[in-house]
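Undergrad: Handing you this structure, nothing more for now.
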Amino acid sequence: MLLNVTERMLLLNEILPKQGNMLTLRVVKELIEHLDFTMEEMAEAGFKQEGTQLRWDPSCPMTKEVPVSTAAAGVIVEQLNRLESAKQLTFGLMSLFERFVEHPEAKEPPPEDGA
């Protein structure tokens, strides 16, 4: 699945669970390896630390084809549905919710809206 910088950061930091059963943790660990940023990608996206926040250049068009297994997609959908049921979705998560839950057949990410 083609993911932009914002979507990768949201998955890494807000969506993927930090605990679970062994199978879930193995699925998440594999997905993290694919989502993580290389040093080259970090330079291209203009990553910089500002206090406790990590910022990047919102005009960076960088996307990455990330293999998302059926099991990994299931974990993501479960987490997004949990947040939606608890009325804890944020505007930042709308794109991922639409792509994984409402329109899982979507292959292209929406344009970056800044970070």
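All of the numbers you see were taken from the coordinates with simple rules; none came from a lab. Only a predicted model underlies this, so the values are computations on that prediction, with no experimental measurement involved. Using ideal geometry, Cβ is built from the backbone for each residue, glycine included, and neighbour counts are taken over all protein chains shown.
Undergrad: How large are Rg and Dmax for the chain when calculated on the C-alpha trace, in angstrom?
TA: Final numbers for Rg and Dmax: 13.9, 38 Å.
Undergrad: Could you tell me the center-to-center distance, by alpha carbons, between segment 48-74 and segment 1-25 in angstrom?
TA: So the two Cα centres are separated by 10 Å.
Undergrad: So, one more: Around Gln19, under 14 Å between beta carbons, what's the net of Lys plus Arg minus Asp minus Glu among the other residues?
TA: Details: positive: Lys18, Arg26, Lys29, Arg82; negative: Glu78.
Net charge in that neighbourhood comes out at +3.
Undergrad: I want the local charge near Val77. Using Cβ-Cβ distances under 13 Å, sum +1 for each Lys or Arg and -1 for each Asp or Glu among the other residues.
TA: In short, -2.
Undergrad: Looking at the chain, how many pairs of lysines come closer than 21 Å at the Cα, when each pair is eight or more places apart or spans two chains? Show your work: numbers first, answer last.
TA: Details: Lys18/Lys29; Lys18/Lys87; Lys29/Lys64; Lys48/Lys64; Lys64/Lys107.
Qualifying lysine pairs in the chain: 5.
Undergrad: How much length would be gained if the chain were fully extended between Glu102 and Ser69, taking 0.36 nm per residue of separation minus their Cα-Cα distance, in nm to one decimal?
TA: Numbers: separation 33, 0.36 × 33 = 11.88 nm, distance 1.75 nm.
Gain on extension, Glu102 to Ser69, equals 10.1 nm.
Undergrad: About the Cα centre of the chain, what is the dipole size in debye to 20, counting +1 per Lys and Arg Cβ and -1 per Asp and Glu Cβ, all else neutral?
TA: Values: 11 positive and 19 negative charges, 93 e Å.
For the chain, the charge dipole is close to 440 debye.
Undergrad: Related question: Along the charge dipole of the chain, Cβ charges K/R +1 and D/E -1, which of Gln19, Gly92, Val75 sits furthest on the positive end?
TA: Positive-most Cα among the choices belongs to Gln19.
Undergrad: Hey, another quick one. Could you give the length gained by full extension between Ala86 and Lys29, i.e. 0.36 nm per residue of separation minus their alpha carbon distance, to one decimal place? Intermediate values should be presented prior to the final figure.
TA: Working: separation 57, 0.36 × 57 = 20.52 nm, distance 2.55 nm.
Computed gain between Ala86 and Lys29 is 18.0 nm.
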